[in-house]
Amino acid sequence: MSEVVRLSLVAHAMTDAVAAGRFPVDEPLNELGHRQTDAVEMAAFDTAFCGPEKRARQTAELLGLKAEVRTELADLDCGSWRGNVLGGVDPADLAVWLTDPTSAPHGGESIVGLVDRVRRWLQTVSTHRGTLIAVTHPAVVRAVILVALDAPPKSFWRIDIAPVSRTVLHYRGDAWTLRSN
């Protein structure tokens, strides 16, 4: 029987940008975000990772994790749209971005680029043993789900990831499996 890698992904807690529907900047958690982490029950993990942004690091700290910062877990780079509300972006550019996963009209990262980055990280962590946790961003969690299910990048926007939600995957042999809690 092969070893199983257990990976839990936790989306960072609430920030002012998330609450206001803005494209994020490197911001801290807001008051609600602090309260959200209090309600999370944590199991034991062998290894913990987190994204480099303040909101991911802060969530990991509040969850009591000594997490290794990994740039591969960084949020989707929204380029020149950072800090803007959805309504502040050219509607034609937004429509292209939401329907073409290869596009990046904001000058940042495309959905396909994010999925490729996450796929490489998953290949790296698949060599670990034991139980892993990663505190990251909803966009990264969506990308992980796409990789695990071998789903097309155009499905990215059909996945809703709530703040401090947990997504669990197992890796055995040569494939990731999405597991319900």
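The values are calculated or read from the model by the stated rules, or taken from the named source; none is laboratory data. Since this is a predicted model, take the numbers as computed values, not measurements. In this analysis, Cβ positions are derived from the backbone assuming ideal geometry, glycine residues included, and neighbour counts consider all displayed protein chains. Surface accessibility is based on the protein's heavy atoms, side chains included, excluding ligands, DNA and RNA. Shrake-Rupley method; radii C 1.70, N 1.55, O 1.52, S 1.80 Å.
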remark   = Here, Glu61 and Arg158, labelled 7 Å along Cα→Cβ, have an inter-label distance in nm of 3.9
Simple spin-label estimate for His170 and Arg120 in nanometres, 7 Å along Cα-Cβ = 3.0
query = Between Val96 and Leu178, what length in nm is gained on full extension when 0.36 nm per residue of separation is reduced by their alpha carbon distance?
reply = 26.6 nm
ask   = In deg cm²/dmol, rounded to 500, what helix-only [θ] at 222 nm does the chain give when every DSSP H run of at least 4 residues adds -39500 (n - 2.57) and the total is split over its residues?
value = -9500 deg cm²/dmol
request  = Take every Cα pair under 8 Å in the chain that's 6+ residues apart, average their separations, divide by the length, and report that relative contact order as a whole percent.
outcome  = 33
note = Per residue convex hull volume, Cα only, the chain, in Å³ is 105
request  = Quick one: dipole size for the chain, taken about the Cα centre, charges +1 on Lys/Arg Cβ and -1 on Asp/Glu Cβ, in debye to the nearest 20.
outcome  = 420
query = Counting pairs of alpha carbon atoms under 8 Å apart in space and at least six apart in sequence, what relative contact order in percent does segment 1-106 give?
reply = 26
key: Amide N of segment 79-108 lying under 19 Å from the label point, which is placed 7 angstrom from the Cα of Leu149 along Cα→Cβ   = 98-102
message = What figure, in Å² to the nearest 10, do you get for the accessible area of Ser103 with a 1.4 Å probe and non-protein molecules left out?
response = 20
inquiry  = Stokes-Einstein diffusion coefficient for segment 47-96 at 25 °C in a medium of 0.890 mPa s, Rh from the Kirkwood formula over Cα pairs: what value in µm²/s?
reply    = 192
query = Leaving out ligands, DNA and RNA, what percent of the accessible area of segment 22-181 is carbon and sulfur, probe 1.4 Å?
reply = 50
request  = Kindly report the accessible area of segment 1-120 per residue (heavy atoms of protein chains, probe 1.4 Å, no ligands, DNA or RNA), in Å².
outcome  = 50
ask   = Hey, what did segment 56-151 get for relative contact order, percent, Cα under 8 Å, at least 6 apart?
value = 34
